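K.L.:
Here it is: the structure, laid out below.
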C-alpha cells in the first residue's frame with residue numbers, strides 16, 4: 001500500500017457513496033508544523049482560516065511527551081491512544097493527513113507516528129492546500145474549525161513498534177561502528193555547520209558518519225508533493241536500500257527525518273528508523 005493519496009482519490013473516498021471506505025470512517029487531519037521563529041502565525045491559526053472540510057488539527061507539539069525537555073518527542077502509547085481517540089479516530093479509521101504547505105513539515109511525522117503506534121491504514125495527501133484548491137478542491141474558510149467529533153465507539157488502542165524508533169544510545173553505537181546508514185534531512189548548510197540551528201543552545205555540525213539528504217530535495221517545491229519514485233531513486237544508493245540493518249533518519253527535531261522515511265517506504269523499504277531526539281538532543285550544549 002502506498003502511503004500517498006492523490007487529490008482524485010480523496011474526492012472518491014469522501015464522496016457520499018464511499019463514506020465508509022475500507023470498513024471504517026475516514027478521518028482527515030491537518031498535521032502542519034511550523035519551525036519556531038519562522039512565522040508570525042501558527043499552524044493552528046492557519047488551519048482555522050483555511051482547511052479541508054471535516055478536518056481536525058493534529059498538534060505535533062501536543063500529541064507528545066510533554067514532560068521531556070526535547071521538542072515533540074513521542075508520547076506514551078496510552079497518551080497517543082487518548083489524544084487520537086479524542087479526534088474521533090479508532091483502529092478501524094482510515095486516517096488521511098495533509099499539510100498546509102505539502103507533505104514535509106508535519107504530515108510525514110504524523111504518518112510515522114501512526115505507524116509507530118501500530119496503525120497502518122494511514123496515508124498522506126500528496127500536495128499542498130494551494131495545490132488542492134487549484135485542482136478544484138474546496139476549502140472551509142470560516143474562522144471556526146469543525147466541532148470535535150464524538151468519541152468513537154471503540155477508542156484507539158496503540159501498539160508500540162519500537163523497531164521504528166532509535167534512541168541516542170543506539171545511534172551512538174551505529175555511528176561508532178558505521179553499522180548502518182544515518183541520513184540527515186536538514187538543509188545542507190545546517191548539516192555542514194555553516195548555518196545556525198533555529199533552536200538556541202545547539203552545536204553546529206552533524207552526527208559522525210551521517211550523510212545529508214535534505215528533505216527539501218525529496219519534495220516538489222511548487223506542489224508540495226513527494227517526488228516520483230524515479231526521481232527519488234537518485235538520492236538513495238544500494239548501500240541504503242539494501243543495508244542489512246535498517247537505516248536511521250535524523251534531522252533537527254524528528255520532523256523532516258520522517259520525509260526520508262516516507263521516501264524509503266515508497267521505494268520499498270518500510271523498516272527505516274527515526275532518531276526521535278535528532279539534533280535537538282545530539283547537538284545539545286551542556
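The values are calculated or read from the model by the stated rules, or taken from the named source; none is laboratory data. The model shown is predicted, which means the values in this text are computed figures rather than measured ones. No Cβ is skipped: glycine too gets one built from the backbone with ideal geometry, and neighbour counts run over all protein chains shown.
K.L.:
Within segment 23-46, take every residue that is assigned to a helix (DSSP H, G or I) and modelled with pLDDT of 90 or more and give me the one that is nearest to residue 148 (Cα to Cα). If you could, list the steps in order and put the result at the bottom.
P.N.:
Kept after step one, since they are assigned to a helix (DSSP H, G or I), are these residues of segment 23-46: 23, 43-46.
Filter once more, keeping what is modelled with pLDDT of 90 or more: 43-46.
On the way: 43: 18, 44: 14, 45: 16, 46: 17 Å.
Here the answer is 44.
K.L.:
Of all the residues that make up segment 131-144, how many are closer than 15 Å to residue 10 by Cα and surrounded by 13 or more Cβ atoms within 10 Å (Cβ to Cβ)?
P.N.:
If we filter segment 131-144 for residues that are closer than 15 Å to residue 10 by Cα, which is where we start, we get 131-139.
Going one step further and asking which of them are surrounded by 13 or more Cβ atoms within 10 Å (Cβ to Cβ), we end up with 131-133, 135, 137, 139.
Selection size over segment 131-144: 6.
K.L.:
Quick one: is residue 109 farther than 23 Å from residue 15 by Cα, modelled with pLDDT of 95 or more and in the same structural domain as residue 66 (by TED's automatic domain parsing)? I'd like the intermediate steps shown before the answer.
P.N.:
Numbers: farther than 23 Å from residue 15 by Cα: yes; modelled with pLDDT of 95 or more: yes; in the same structural domain as residue 66 (by TED's automatic domain parsing): yes.
So residue 109 fits the description; yes.
K.L.:
Do we have residue 83 as in a helix (DSSP H, G or I), over 16 Å from the mean Cα position of the chain (by Cα) and more than 28 Å from residue 280 (Cβ to Cβ) here? Steps first, please.
P.N.:
Details: in a helix (DSSP H, G or I): yes; over 16 Å from the mean Cα position of the chain (by Cα): yes; more than 28 Å from residue 280 (Cβ to Cβ): no.
No, not satisfied.
K.L.:
If residue 49 passes every condition in (1) within 20 Å of residue 141 (Cα to Cα); (2) at pLDDT below 95; (3) touching a helix residue (DSSP H, G or I) at 6+ places or on another chain (Cβ under 8 Å) but one, which one does it miss?
P.N.:
Only one criterion in (1) within 20 Å of residue 141 (Cα to Cα); (2) at pLDDT below 95; (3) touching a helix residue (DSSP H, G or I) at 6+ places or on another chain (Cβ under 8 Å) is unmet by residue 49, namely (3).
K.L.:
Next up: Residues 89, 124, 60: which one is assigned to a strand (DSSP E or B) and touching a residue at least 60 places away in the same chain (Cβ under 8 Å)?
P.N.:
Values: 89 fails: assigned to a strand (DSSP E or B); 60 fails: assigned to a strand (DSSP E or B).
Exactly one residue qualifies, and that residue is 124.
K.L.:
So, one more: Quick one: is residue 175 modelled with pLDDT of 95 or more, in a helix (DSSP H, G or I) and loosely packed, with under 13 Cβ neighbours inside 10 Å? It would help to see each step written out before you state the result.
P.N.:
Details: modelled with pLDDT of 95 or more: yes; in a helix (DSSP H, G or I): yes; loosely packed, with under 13 Cβ neighbours inside 10 Å: no.
Answer is no for this residue.
K.L.:
Can you find a residue in segment 261-277 that is out of contact with any helix residue (DSSP H, G or I) (no Cβ under 7 Å at 6 or more places or on another chain) and either outside the structural domain of residue 175 (by TED's automatic domain parsing) or under 23 Å from residue 34 (Cα atoms) (or both)?
P.N.:
Yes, segment 261-277 has at least one match.
K.L.:
So, of the residues in segment 178-193 that are touching a residue at least 60 places away in the same chain (Cβ under 8 Å) and part of a loop (DSSP other than H, G, I, E, B), which turns out to be farthest from residue 6 (Cα to Cα)?
P.N.:
The extreme case among them is 179.
K.L.:
To continue, here is another question. Does segment 154-169 include one or more residues that are free of Cβ contacts under 8 Å to residues at least 24 places away in the same chain, under 23 Å from residue 215 (Cα atoms) and in a helix (DSSP H, G or I)? Give the steps one after another, and end with the answer.
P.N.:
Quick first cut of segment 154-169, residues free of Cβ contacts under 8 Å to residues at least 24 places away in the same chain only: 162, 169.
If we keep only those that are under 23 Å from residue 215 (Cα atoms) as well, we get none.
For segment 154-169, residues free of Cβ contacts under 8 Å to residues at least 24 places away in the same chain, under 23 Å from residue 215 (Cα atoms) and in a helix (DSSP H, G or I): absent.
K.L.:
Can you go through 212, 228 and tell me which one is closer than 20 Å to residue 4 by Cα, modelled with pLDDT of 95 or more and outside the structural domain of residue 99 (by TED's automatic domain parsing)? Don't jump to the end; show me each part of the working.
P.N.:
Details: 212 fails: closer than 20 Å to residue 4 by Cα.
It is 228.
K.L.:
Could you tell me which numbered condition residue 196 fails, if it satisfies all but one of (1) surrounded by 13 or more Cβ atoms within 10 Å (Cβ to Cβ); (2) under 15 Å from residue 253 (Cα atoms); (3) free of Cβ contacts under 8 Å to residues at least 40 places away in the same chain?
P.N.:
(1)
K.L.:
Identify the single condition in (1) without any contact (Cβ under 8 Å) to a residue 60 or more places away in the chain; (2) within 15 Å of residue 123 (Cα to Cα); (3) surrounded by fewer than 21 Cβ atoms within 10 Å (Cβ to Cβ) that residue 40 does not satisfy, given that it satisfies every other one.
P.N.:
Against the list (1) without any contact (Cβ under 8 Å) to a residue 60 or more places away in the chain; (2) within 15 Å of residue 123 (Cα to Cα); (3) surrounded by fewer than 21 Cβ atoms within 10 Å (Cβ to Cβ), residue 40 comes up short only on (2).
K.L.:
Is it true that some residue in segment 227-238 is part of a loop (DSSP other than H, G, I, E, B) and either more than 20 Å from the chain's Cα centre (by Cα) or closer than 25 Å to residue 37 by Cβ (or both)? Quick ask: steps written out before the conclusion?
P.N.:
Here is the first cut: in segment 227-238, the ones part of a loop (DSSP other than H, G, I, E, B) are 227-228, 236-237.
Add one more test, that the residue is either more than 20 Å from the chain's Cα centre (by Cα) or closer than 25 Å to residue 37 by Cβ (or both), and what stays is 237.
Looking through segment 227-238, at least one residue is part of a loop (DSSP other than H, G, I, E, B) and either more than 20 Å from the chain's Cα centre (by Cα) or closer than 25 Å to residue 37 by Cβ (or both).
K.L.:
Now for a different question. Suppose we keep only residues that are out of contact with any strand residue (DSSP E or B) (no Cβ under 6 Å at 6 or more places or on another chain) and buried (at least 18 other Cβ atoms within 10 Å of the Cβ) within segment 236-246. Which one would you say is nearest to residue 132 (Cα to Cα)? Spell out how you get there, then give the answer.
P.N.:
To start, the set of residues in segment 236-246 that are out of contact with any strand residue (DSSP E or B) (no Cβ under 6 Å at 6 or more places or on another chain) comprises 236-245.
Checking which are buried (at least 18 other Cβ atoms within 10 Å of the Cβ) leaves us with 236, 240.
On the way: 236: 29, 240: 33 Å.
Selected residue: 236.
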